[in-house]
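Read the structure below first, then the notes.
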Amino acid sequence: MQRFEEFTTQFVQSIGNKKGAVSPTVTGSASFGYGDPETAEGIFDGSVKEPLYARMGNPTTARLEQVLAEMDGGVGVIATSSGMAATALATMSLLKSGDEIISVGGLFGGTYSYFSETLSRFGITARFFDVDALKAIDEAVNEHTKIIFLESVGNPNMRLPDIKAIAEIANRHKVVLIVDNTITPLSLSPLALGADIVIYSTTKVISGNASVLGGAAVFRAISDEDDKFKTRRYQEVHKFIKKMGKAALIGNAKKRAMRDFGMSANAYASYLTMLGLETLPLRMDRIVDSVETVVKALDAKGMDINHPSLPSHAHHERYKRDFANGCGTLFTIDMGSKEAAYAFLERSKIVTITANIGDSRTLALHMASTIYSDFDENIKEFLGITPGLIRVSVGLERPEDIIDDLTFAAGL
């Protein structure tokens, strides 16, 4: 059996229609007629489940949200206009001035900037730790800590967090754990590992073909019994728990973020994302195999390759234990200098030089001169950005062709 086989039936059966148009319908209207005042009142107070206004969602997006919720076992999902919008929605729906975030591990440059620069302008403090600094993370939690945030795989430092161990810290302190699972949809189920919210840039491997921006935040259900969201730390959520019960985090995020910031997904983007979802299990299965094949071959040729499937990686044992279904599309090559990295990229015939990842085609980018170009040297060092670092996202090409091309590009 292939990896992710259980999702092949689930996705195509959930997305397609049995009657009428087989492909999902795109509802392009910005607004919706309520018919009568009583229905309008019910829609606004939540007792009538009909579209309110496209900023708050539309039927096409609702279909996508349902499929993503089933994928991760969440009580519900809010789809957004981009991955960064999903991060903003998940965090800003819980934060206020004076709160703190603990950020664990390597981070996508946009997320690091959002935490360190943008949120600081609103009086919110972010503190950054290595994935293995569990004691320091535990000791850093205080009365102001609202969120522990991590990426399932460090992008691009390729360090792997011990998600269960970090979830234990978060749950013991009754602090929210958010996991960015963009690189590892299907491979990991963060809610099952103890996370409270999972976020995705669906632009990446979920869509898989560079055709559409999108994001999503997946929320767990509120427990009927003891629950961290019922504590004083999250008192702003209490009114939604009283009104919406298990789905309180959906109402909280829609009212405290989506309504006021407007990071809504549009219907056509949701449609294109669903088309990508239909083939995600097949693509992920191939990509996971291809990544391991490519990095093993390039490492054997003496290239400086960073991927946890290699025995030389610091988290190789964790990879074997916790990442049996792979850790996504990425690996890195360190060419030693900017000049060597540029020469490598110019010689390659296969890679597309772009900032995206998770595409059907193999992508690559020199990190220090692009996404991290305005970061100071200390931050680059913490995030694993060296002068010659190239991030590679493996696509659907024949792995032997990728190996041959990258070997040629390296002058070997």
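Throughout, read-outs are computed from the coordinates displayed, never taken from laboratory work. No experiment lies behind these values; they were computed from the predicted model shown. Cβ atoms come from the backbone with ideal geometry, glycine included; neighbour counts cover every protein chain shown.
Residues E400, E278, arranged from fewest to most other Cβ atoms within 10 angstrom of their Cβ, appear as E400, E278. Taking other residues whose beta carbon is less than 14 angstrom from the beta carbon of Y34, and scoring Lys, Arg as +1 and Asp, Glu as -1, yields -4. Taking all Cα pairs closer than 8 Å and separated by 6 or more residues, the relative contact order of segment 281-409 comes to 31 percent.
Taking a straight Cα-Cα cut-off under 22 Å and skipping sequence neighbours fewer than 8 places away in the same chain, the lysines within cross-link reach of K230 are K96, K146, K174, K239, K242, K243, K246, K254, K255. By the beta-carbon count within 10 Å of each Cβ, the least crowded to most crowded order of D260, D130, D99, fewest first, is D260, D130, D99.
Could you please report the charge total around P387, scoring K, R as +1 and D, E as -1 over all other residues with beta-carbon less than 15 angstrom from its beta-carbon? Walk me through the numbers before you get to the answer.
Values: positive: K338, K380, R391; negative: D304, D334, E339, D376, E377, E381.
Summing Lys and Arg as +1 and Asp and Glu as -1 gives -3.
Bridging of K338 to lysines at a Cα separation below 27 Å is possible for K204, K296, K301, K349, K380, once same-chain residues fewer than 8 apart are set aside. Report which label in (1) 47, 22, 21; (2) 36, 26, 19; (3) 50, 39, 19 holds the value of semi-axes √(5λ) of the Cα gyration tensor in Å derived from the coordinates of this structure. Matching entry in (1) 47, 22, 21; (2) 36, 26, 19; (3) 50, 39, 19: (2). Take 168-175, 47-54, 206-213 and order them by the average number of nearby Cβ atoms within 10 Å per residue, most first; the result is 206-213, 168-175, 47-54.
At an R0 of 45 angstrom, the distance between the Cβ atoms of I353 and K18 translates into a FRET efficiency of 0.55. Relative to the longest principal axis of the chain, what angle (0 to 90°, nearest 10) does the C-alpha long axis of helix 59-72 take? Between helix and principal axis, roughly 60 degrees. Computed from Cα positions, the angle between helix 83-92 and the longest principal axis of the chain comes to roughly 50 degrees. Highest GNM mean-square fluctuation among T202, T118, T87, for the chain modelled with Cα contacts below 10 Å: T118.
Fewest first, what order do T182, T39, T60, T27 take by the number of other Cβ atoms within 10 Å?
Going from sparsest to densest Cβ surroundings: T39, T27, T60, T182.
Coupling constants for segment 218-231 follow from the phi torsions by the Karplus curve (6.51 cos²θ - 1.76 cosθ + 1.60, θ = phi - 60°), and in residue order they are 9, 10, 7, 6, 6, 6, 5, 9, 5, 7, 4, 6, 8, 7 Hz; glycine and proline get x. Taking packing as the residue-averaged number of other Cβ atoms within 10 angstrom, the listed peptides 119-125, 232-238 run from highest to lowest as 232-238, 119-125. Seen from F331, the other residues with C-beta closer than 13 Å to its C-beta sum to a net charge of -1, counting Lys and Arg as +1 and Asp and Glu as -1. In a DSSP loop and with at most 11 other Cβ atoms within 10 Å, the GluC sites (Glu not before Pro) in segment 72-152 are E143.
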